[in-house]
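This report concerns only the one structure given below.
Throughout, read-outs are computed from the coordinates displayed, never taken from laboratory work. Note that the structure is a prediction, hence the values are computed from the model and not measured. Here the Cβ positions follow ideal geometry from the backbone for every residue, glycine too, while neighbour counts run over all protein chains shown.
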Ligand SMILES: CC(C)(COP(=O)(O)OP(=O)(O)OC[C@H]1O[C@@H](n2cnc3c(N)ncnc32)[C@H](O)[C@@H]1OP(=O)(O)O)[C@@H](O)C(=O)NCCC(=O)NCCS
């Protein structure tokens, strides 16, 4: 078995790369999506590490580098691991472990301090990550309320409308302003929302509610919905009026369904959500693990180094990988 990087893969290996990814996740990272994220600058130079044998990709692990504001205000890149998968008929051979060790070696050499990933604590992969030194540093909090079918009309004057593709650059500015002075996944790479749209991971009319003041966007909420619930994993505004307008608009959209908030929206909008009778769950099973790339550290040390326990810590849907 060889460990190759993305640019070493031959065109004839592409079907096996797709098959391994499809077998692990049901989806596949296409070459055009890889090109979009590479152009944005969120991938490492080598994109990822691939376990290859007899000309076939049997495993993959992608490596990202994202800007991160540390508690002392320093902005550095942190590494992110995404899409760790191996073929079920080759499981238990150490493919995942070896790919991750290779990513760690490369990221350490790059001088990066921390590496993070998102996973579910109840999955088998969690144990693999623990053995490699990752610690649970953040579990996604939730706020949940069953929204009645009939609601009072909106109580404020900020207008909310569906998102437009042309809003995206302006919404990135909203993100910059709304997260200034905070710790964590900020500032984002310029054109992150535009790249998400290009990669078809964000469809503004369906996935965004935009608050406007005098026609100018001053806040937005991402919306994920299905017949039973609406969920907001990202809400950023330039003021409390826009936040309230977006909360009301989310609830209107979720009438007769469960309305749920997660990630930083829960802490940031906690007072208003509490006032509206939401049930709070401090942590779910899904969350972020992180590891110091040099020297050992326990979970509370890693949490303190990354600042995740501080109210200023910020993480939204667009920061999950
Ligand atoms: C999770 C996954 C990547 C593991 O791949 P793998 O190549 O079989 O893993 P490895 O052989 O490197 O295993 C590393 C260690 O974990 C153990 N392990 C492997 N799969 C395990 C599982 N499902 N539960 C518990 N332990 C497991 C191995 O025994 C090995 O232990 P060791 O280091 O003490 O020898 C693979 O099962 C997979 O693709 N799953 C579906 C996608 C997925 O869930 N990815 C993770 C998303 S966060």
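Here are the numbers for this structure:
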item: Efficiency of FRET between residue 149 and residue 76 - r from beta-carbon atoms, R0 41 angstrom, step 0.05; result: 0.25
item: Region 42-107 - percent relative contact order, Cα under 8 Å, separation 6 or more; result: 31
item: Residue exposure sequence - 218, 75 - by fewest surrounding Cβ within 10 Å; result: 75, 218
item: Cα convex hull of the chain - mean projected area over all directions, nm²; result: 16.5
item: Using alpha-carbon coordinates, inclination of helix 14-25 to the longest axis of the chain, degrees; result: 50
item: Antiparallel DSSP beta bridges within the chain, as percent of all bridges there, nearest 5; result: 85
item: Principal axes of region 200-321: Cα extent on each, largest first, Å; result: 51, 33, 30
item: Principal-axis tilt of helix 31-40 within the chain, Cα atoms, nearest 10 degrees; result: 70
item: By average C-beta atoms within 10 angstrom, highest first, the peptides 306-317, 288-299; result: 306-317, 288-299
item: Base-10 log of normalised Debye intensity for region 19-68 (one unit scatterer per alpha-carbon) at q = 0.19 Å⁻¹; result: -0.70
item: q = 0.12, 0.14 Å⁻¹, region 1-131: log10 I(q)/I(0) [Debye, one scatterer per Cα]; result: -0.45, -0.62
item: Tail weight of P(r) past 16 Å, computed on alpha-carbon pairs of region 130-217, percent; result: 70
item: Region 142-281, relative contact order in percent, only Cα pairs under 8 angstrom and at least six apart counted; result: 36
item: Calculated on alpha-carbon atoms, Rg and Dmax of region 71-193 in Å; result: 20.5, 60
item: Percent of Cα pairs exceeding the 22 Å cut-off, where the set is region 142-281; result: 34
item: Percent of Cα pairs exceeding the 15 Å cut-off, where the set is region 220-262; result: 34
